[in-house]
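**Q** I'd like to ask some things about the structure below.
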Amino acid sequence: MNTITTFCTECERQVEATIEAVRETIDVRGCAVTDDFEYAVCPYCENRIPEPVLVDRNFAKMYGAYREARGIPQPDEIVALRRRYGFSQRVFAAVLGVGVASVQRYEGGALPSESHAELLRRARDPRFLRERLRDGALRLSAQERERALRAVDQQATSRMDYAVVRLDLLDCLPRGVAPETGMRALDADRLREVVVYFAAHVGNLFVTKLNKVLFYLDFSAYRDEGVGFTGLRYARADYGPVPDQYDLVMAALVDGKALTYREQGDGRVVVAHRGADLSAFSPQEASRLDAVAAFANGFSSCAELSACAHEEEAWRKTPSGALIDYGLARDLRAPGL
């Protein structure tokens, strides 16, 4: 049993308080966060003592879960994003159009306002940074803006991702345009950025949840444009539509760098460690990614999203284990897509 030496304000004396973990659901700006929070409990009066170390730890859990649920970059991601381009806090603040003190607070763990949260979300996209540098960032000199633009362009074009190399080597995946792939050839680089984007923008992106998110992305695109989004095939599994050879695809993409897994409860959450590079996507394609992420975030749990997928004709009319016909996308029921 863990204990901590602290001062009980009720007993007005120093005590060896027991550290107890309590499973609680706490509201953080309208977002319900459930986790094990730790409290120092006085052995004499059983009062919860506001021990600073534990209070800070609990707030870190609450804020971290809130950021993940809302798709807001975590403090270490903000630092990594800024350093990736070689930006000082002053330059990064000028690009975003916020104060230097705000960047310092958010990197230190403070929760951003909703307007600043949206800026941080969008800062993952190099196109957004280019737009800010070309059309704004007035606190920077022309020389500083030009230098920052070169850094953004260089990072966007020089990144080599060995996950894509591994994905390209998978012989089991079809490469050509065919009805079963939504009339789109599989592009490993494109698929990687899609998964990185969803890992950064969809809260609690469990592996099973990503299955449904990719399905809705591809089938909504095929319904509206006559062409899927990724070039993946989909099969009917008992728990919903899944990309064909999904385990092999994810084994190739989750490389421990751009994407990793985090154990959470009884499952694994896909985590992005950088922002998605959407420079090769059209504005319409970027809008679809946003719409699908918002659609997925509209469900309170993976089970609710799965139940929605089970109502789709694409799943209901396909035998177990068989490939799903993209033509069934015409009957897609997803609200808001």
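**Q** Are there any pairs, at least 6 apart or on different chains, whose C-beta atoms fall under 9 Å, with the first in the stretch 262-276 and assigned by TED's automatic domain parsing to the domain that holds residue 198 and among the basic types (Lys, Arg) and the second outside any strand (DSSP E or B) and surrounded by fewer than 18 Cβ atoms within 10 Å (Cβ to Cβ), and if so, which?
**A** 268/207; 274/80; 274/84; 274/159; 274/257
**Q** Pick from the stretch 137-170 the residues that are crowded, with 17+ Cβ neighbours inside 10 Å and in contact with a Pro (Cβ under 9 Å, 6 or more places away or on another chain): which of them is modelled with the highest pLDDT?
**A** 152
**Q** What are the residues in the stretch 278-302 that are touching a helix residue (DSSP H, G or I) at 6+ places or on another chain (Cβ under 6 Å) and assigned to a loop (DSSP other than H, G, I, E, B), if any?
**A** Listed by number, the residues that qualify are 278, 279, 299.
**Q** With 328, 305 as the choices, which residue is touching a Phe, Trp or Tyr at 6+ places or on another chain (Cβ under 6 Å) and either surrounded by 12 or more Cβ atoms within 10 Å (Cβ to Cβ) or not in a helix (DSSP H, G or I) (or both)?
**A** Just a single option satisfies the conditions, and that option is 305.
**Q** Just name the residue that is surrounded by the most Cβ atoms within 10 Å (Cβ to Cβ) out of those in the stretch 127-136 that are at pLDDT 85 or above and closer than 13 Å to residue 92 by Cα.
**A** 129
**Q** Okay, moving on. Looking only at the stretch 70-88, how many residues end up being assigned to a helix (DSSP H, G or I) and buried (at least 17 other Cβ atoms within 10 Å of the Cβ)?
**A** 7
**Q** If you don't mind, there's one more thing I want to ask. From 293, 286, 199, which residue is within 30 Å of residue 154 (Cβ to Cβ), touching a His at 6+ places or on another chain (Cβ under 8 Å) and small (Gly, Ala, Ser)?
**A** That would be 293, the only listed residue that is within 30 Å of residue 154 (Cβ to Cβ), touching a His at 6+ places or on another chain (Cβ under 8 Å) and small (Gly, Ala, Ser).
**Q** On the given criteria, is residue 7 at pLDDT 90 or above and within 25 Å of residue 199 (Cα to Cα)?
**A** no
**Q** Let me ask another. Quick check, is residue 44 in contact (Cβ under 8 Å) with a residue 24 or more places away in the chain and more than 30 Å from residue 301 (Cα to Cα)?
**A** Yes: the conditions hold for residue 44.
**Q** How do the pairs read when you match residues in the stretch 93-114 that are more than 17 Å from residue 31 (Cβ to Cβ) and among the charged types (D, E, K, R) with residues anywhere that are at pLDDT below 95 and in a helix (DSSP H, G or I), using Cβ under 6 Å and keeping only pairs 6 or more apart or on different chains?
**A** Listed by first residue and then by second, the contacts come to 107/75; 107/78; 107/79.
**Q** Then there is this: Which residue is surrounded by the most Cβ atoms within 10 Å (Cβ to Cβ), if the candidates are limited to the stretch 33-69 and must be among the small types (Gly, Ala, Ser) and over 20 Å from residue 199 (Cα atoms)?
**A** Here the answer is 40.
The values are calculated or read from the model by the stated rules, or taken from the named source; none is laboratory data. On a predicted model such as this, the values are computed, not experimentally measured, just so you know. Neighbour counts are summed over all protein chains in view; Cβ atoms, including those assigned to glycine, are modelled from backbone coordinates with ideal geometry.
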